Amino acid sequence: MPGLTTRFAPSPNGELHLGHAFAAITAHDFARRNKGAFLLRIEDIDGTRSRPELVQGIIDDLQWLGLGWDGEPLFQSQRIARYDAALHRLADAGLAYPCFCTRSQIAAAQAHKPAATGPDGPVYPGTCRDLPAGERQRRREAEPHCWRLDTARAMDRAGPLYWCDLDAGEQLARPGLFGDVIIARKDAPASYHLAATLDDAADGISHVVRGRDLFAATHVHRLLQALFGLPTPLYLHHALLAGPDGRKLSKSLGSAALSVLRRAGVNGRDLADDIRNNRLPAGISVMAD
Ligand code: GLU
């Protein structure tokens, strides 16, 4: 298949752990098996959490695992003008609106009128969706705000959409599950959803290979692709690794960093081969779904 391209897209907000190694190996091997390209994209626009000093460690970890990528690493922080232009397109089309709510205001509104629960928790109650134009303009100049997609209106505009996961098959896109998702944050020029969708198209990603924890996010990405007239890649959402407690390995649970193993003299290529062959370290397993 000519032009098959995958990517690994870590966020430098913590050190890589075995779950990342599994994800990187899966995307890398998928590309290489298909004589395709494998790109490394550093998702470093998460204002408060992104730590530039971790980028070199990510590169060292991947090289230690024996994973080579094509071209130079790509950095989201160098693409901010592109995200901004895309946000303006959505706003000009009446499909995005500024939201001035604080977390506590949202929680209070949700307590008052229980909200549906989406993949990321209770959905936004829509407080700022229909503010009068004058008030919206005045507050935009005076108050910190994020930008939200008017998801119902955008779905209306786009019509029914589908995407395909190579394991799970064809999916009807259900971005409405998330309610009005944030597309640009108060502290970041674009949300994960907006930046990743634009980047996958800009980078010519034909196959998005990533963990099942991002399966639902693809519903939103499919909608954004339709709004911007971007191609829809194929997706492969792979299983996740779990720790001894059966829960997915994650930075926040303090899963052991690859750098600890690397510095302890573990052979990274051997570790990568063990992971490929499902010989996982004690206590680590592949989650059932
Ligand atoms: N940057 C995201 C993360 O580290 C991954 C994004 C993706 O693969 O789409 O979780």
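The values are calculated or read from the model by the stated rules, or taken from the named source; none is laboratory data. Predicted model only: the values in this text are computed from it and were never measured. Because the Cβ atoms are built from the backbone with ideal geometry, glycine has one as well, and the counts that use them run over all protein chains shown. All accessible areas refer to the heavy atoms of the entire protein, side chains included, with ligands and DNA or RNA removed. Shrake-Rupley method; radii C 1.70, N 1.55, O 1.52, S 1.80 Å.
Points to keep in mind about this one:
- Selection from segment 110-126 of residues that are open to solvent by 30 Å² or more (accessible area, probe 1.4 Å) and either over 30 Å from R212 (Cβ atoms) or in contact (Cβ under 8 Å) with a residue 12 or more places away in the chain (or both): Q110, A111, H112, K113, A115, A116, P119, D120, P122, P125
- R157 falls short on exactly one of the conditions (1) over 18 Å from Y83 (Cβ atoms); (2) part of a strand (DSSP E or B); (3) charged (D, E, K, R), and that condition is (2).
- Leading residue by the ranking (most open to solvent (accessible area, probe 1.4 Å)) among those in segment 220-231 that are away from the ligand (no atom under 14 Å from the Cβ) and touching a helix residue (DSSP H, G or I) at 6+ places or on another chain (Cβ under 9 Å): P231
- Looking at A154, A217, A188, A201, just one residue is out of contact with any strand residue (DSSP E or B) (no Cβ under 6 Å at 6 or more places or on another chain) and open to solvent by 20 Å² or more (accessible area, probe 1.4 Å), and that residue is A201.
- Residue within segment 189-199 that is over 11 Å from the mean Cα position of the chain (by Cα), β-branched (V, I, T) and either modelled with pLDDT of 95 or more or within 12 Å of the ligand (Cβ to nearest atom) (or both) present: no
Every residue, every condition in (1) farther than 22 Å from Y83 by Cβ; (2) acidic (D, E), yes or no:
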{"site": "G121", "(1), (2)": "yes, no"}
{"site": "E141", "(1), (2)": "no, yes"}
{"site": "H145", "(1), (2)": "no, no"}
{"site": "A152", "(1), (2)": "yes, no"}
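- Filter result (touching a strand residue (DSSP E or B) at 6+ places or on another chain (Cβ under 7 Å) and among the β-branched types (V, I, T)) within segment 26-57: T26, I42, I45, V55
- In this structure, Y124 does satisfy being over 24 Å from F38 (Cβ atoms) and of a type in the set (F, W, Y).
- Filter pass, W163 being under 13 Å from L90 (Cβ atoms), surrounded by 12 or more Cβ atoms within 10 Å (Cβ to Cβ) and hydrophobic (A, V, I, L, M, F, W, C): no
Table: residues versus (1) open to solvent by less than 50 Å² (accessible area, probe 1.4 Å); (2) modelled with pLDDT of 95 or more.
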| site | (1), (2) |
| --- | --- |
| K251 | no, no |
| S255 | yes, no |
| A264 | no, no |
| R269 | no, yes |
| P281 | yes, no |
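- Taken together, R41, R82, R49, R33 contain a single residue that is within 30 Å of A154 (Cβ to Cβ), of a type in the set (K, R) and out of contact with any helix residue (DSSP H, G or I) (no Cβ under 7 Å at 6 or more places or on another chain), which is R49.
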